[in-house]
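Have a look at the structure below, then the notes.
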């Protein structure tokens, strides 16, 4: 580790010593003696290559390092013109702009080095195509001639044209290059505007670099087209080289910021250590460590319809698709998914950060997943209990309907037939037989009455026909104790109405049987989204919750649809049953 | 008189019983649509109407019969009791309600307020 700086210094020294002799082979033809030119030119290329290598080593997941190395090498390519062969000289005249295209690629694809949207791919592909087209057009139409020209200093690609045609080609490529510079700068600014907090942190150095770089590219491109003073050109070039030399380090800092943030994972470990974190604080701690306030944690749990993801409250949740603008990182344990982090896509460029944060929070996440699983099961049990009650209600309604359509109708018809027989027989049968017939008719009427009572206990037809208010009135009317009904609520779900009916029916049955009351009241009021049902009497009181399977069953039924049930019954001071029922049966 | 009920057994008994008491039963219908059709055609003075019909409810049929010109007197019948229907009976505009087990020439006559 300690040897590395020494090694680097030695390399730098060797490079400096070799610079002059090597320069004659690598660098720009015609400027070999001008150190004011050579040193800044070389510095730009070297800084790109060096920062690129550092980026490749430190952030292997990103392609930005490799792109920087490529740009640095492209910067040096015009050096091939030093080789005294016409083909190399001709190529050296065309490859200079390759650096600019790679620069555009770098800016647009930072910080991952990958092009994600169609727009980005279009901009970069367009820049490469423009470079190829412009170079080919220039190579075909340019025939340079100057005094003292050496034999190898001519364009081997020249095919046709005139100085005028070449001028037009040059103007068109220049305008195109300026447009591309503006578009690339706009794209970087758009990235910044659309980026989330973590994304902006990585983009910041690049955002600051894009304006001066674009300005330099535009001025440099216009150099041969626009007449300005030589001193201004010198200033522009000097500034431009400074910007270009610093630029790769801006990219590098952007890349390394990700690394620096891994320190936040250490804080995460401390924060989660020791005590079990409640769900909100686990999410908040992870969101802080990752710098993504929109972070969501979903847990994979076994459910009735197979395994699926739920949120921390146990509610089923689907993983967002790619079109939702969110990224998903699934966390595995022994090869099976246990949780998923739904986060900002910018974090995708920092897989190590995500990994280490997830590893640090693994225990807390596992713990939280088990809790989410319990919550999810509880929800499912509640839902299935409510469904069982609803199915039971449906069955009972059907049984009542069948009783009414079948046995009840037959008995009624039978009773009519017997009545007619009695009427027809008139006085011509023995008195004994007439008495027996009357008894049979009376017995049959009793049976019909019993059957009605039974059917009503199974399911009150009036509830389906007329709603809860009318059903409660009819219950009150049948109660031997005077009952006042006050109904002040809208209609509710069937499960809630049936439950309310049975609460009142059981309550009034108890009033009639045990309470020794002189009057009772039934009150139904709106209670948020649900209803509140109260049955009160002025009787003996002293009813225990545990006694009587009727009350126990009632409490279970109320709980099954998610309501609450309470009995207040101090001895000697009457009894109050209170049920609060959600209108929504879940 | 017209009898509307989906139970053929009840229709037959009621026809026999009321016919014996001097009511002239002009037709029977097994459902609401048939009942309305027969009432329009035959213009009965009284319609004995079951509450629970296969295609609709007796309340609905009563409303439609009473909305027409020169409406008949409608008497609702059911195997259930009046208490099972609450205010629906009043609101239907029917002259009255008889539980089937209470149906006789006498109870019907009392309800219609006239001798057969």
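Every number here is computed from the coordinates shown, using simple stated rules; none is lab data. Here the structure is a predicted model, which is why all the values come from computation and not from measurement. Backbone-built Cβ (ideal geometry, glycine too); neighbour counts: all protein chains shown.
A few comments on the model shown:
- Cα-based helix-to-principal-axis angle, A:351-360 vs chain A, degrees rounded to 10: 40 degrees
- Cα pair distances exceeding 26 angstrom across chain B, given as percent: 8 percent
- Helix-only [θ]222 nm of chain A, DSSP H runs n ≥ 4, -39500 (n - 2.57) each, per residue, nearest 500: -21000 deg cm²/dmol
- Taking Cα atoms only, the orientation of helix A:230-260 departs from the longest principal axis of chain A by about 40 degrees.
- A Cα-only calculation for the stretch A:462-586 places Rg and Dmax at 13.4, 39 Å.
- Annotation: peptides A:426-437, B:79-90, ranked by per-residue average of other Cβ atoms within 10 Å with the highest first, follow the order B:79-90, A:426-437.
- Computed helical MRE - 222 nm, chain B, DSSP H runs ≥ 4 contributing -39500 (n - 2.57), nearest 500: -11500 deg cm²/dmol
- Whole-angstrom gap from the stretch A:141-166 to the stretch A:484-545, using each part's C-alpha centre: 105 Å
- Test item: A:413-425 mean partner chain Cβ contacts at 10 Å: 4
- Legend: mean number of C-beta atoms from other chains within 10 angstrom of residue C-beta atoms, peptide A:159-170, equals 0.
- Calculated on C-alpha atoms, the gyration radius of the stretch B:60-116 divided by its Kirkwood radius gives an Rg/Rh of 0.97.
- With the convex hull drawn over the C-alpha atoms of the stretch A:385-454, the volume per residue is 60 Å³.
- The alpha-carbon positions of the protein assembly as shown define a convex hull whose volume is 298 Å³ per residue.
- Added length on full extension, which subtracts the Cα-Cα distance from 0.36 nm per residue, residue A:238 to residue A:383: 44.8 nm
- Using the Cβ-Cβ distance between residue A:526 and residue A:433 with R0 set to 45 Å, the FRET efficiency works out to roughly 0.15.
- Between helix A:35-58 and chain A: long-axis angle, C-alpha atoms, 0 to 90°, nearest 10: 30 degrees
- DSSP beta bridges in the protein assembly as shown [antiparallel fraction, %, rounded to 5]: 65 percent
- Site pair residue A:410 and residue A:566 shows an inter-label distance of 5.0 nm when each label is modelled 7 Å from Cα along Cα→Cβ.
- Debye log10 I(q)/I(0) for the stretch A:86-131, one point scatterer per Cα, at q = 0.14, 0.16, 0.25, 0.33 Å⁻¹: -0.40, -0.48, -0.84, -1.15
- Within 10 Å of each Cβ in B:83-95, the average number of Cβ atoms from other chains: 4
- Order of A:521, A:499, A:238 - criterion: other Cβ atoms within 10 Å of each residue's Cβ, fewest first: A:238, A:521, A:499
- All C-alpha pair distances within the stretch A:415-476, sorted into 10 Å bins from zero, spread as 19, 32, 19, 18, 10, 0 percent across the bins.
- Once you reduce the stretch B:43-83 and the stretch A:84-132 to the center of their Cα atoms, the two points are 89 Å from each other.
- Modelled FRET efficiency - R0 25 Å, residue A:121 with residue A:324, Cβ distances, 0.05 increments: 0.75
- Size descriptor, Kirkwood hydrodynamic radius, that averages inverse alpha-carbon separations across the stretch A:114-181, Å: 13.8 Å
- 15 Å tail of the calculated P(r), the stretch A:289-368, as % of Cα pairs: 56 percent
- Estimated from the Cβ-Cβ distance and a Förster radius of 30 angstrom, the FRET efficiency linking residue A:514 and residue A:440 is about 0.25.
- Sorting the Cα pairs of the stretch A:90-206 by distance into bins of 10 Å, from 0 upward, gives 12, 36, 25, 16, 9, 2 percent per bin.
- Most mobile listed residue (B:72, B:54, B:44) in chain B, GNM with C-alpha springs under 10 Å: B:54
- Contact order normalised by residue count of chain A, Cα under 8 Å, 6+ apart, percent: 8 percent
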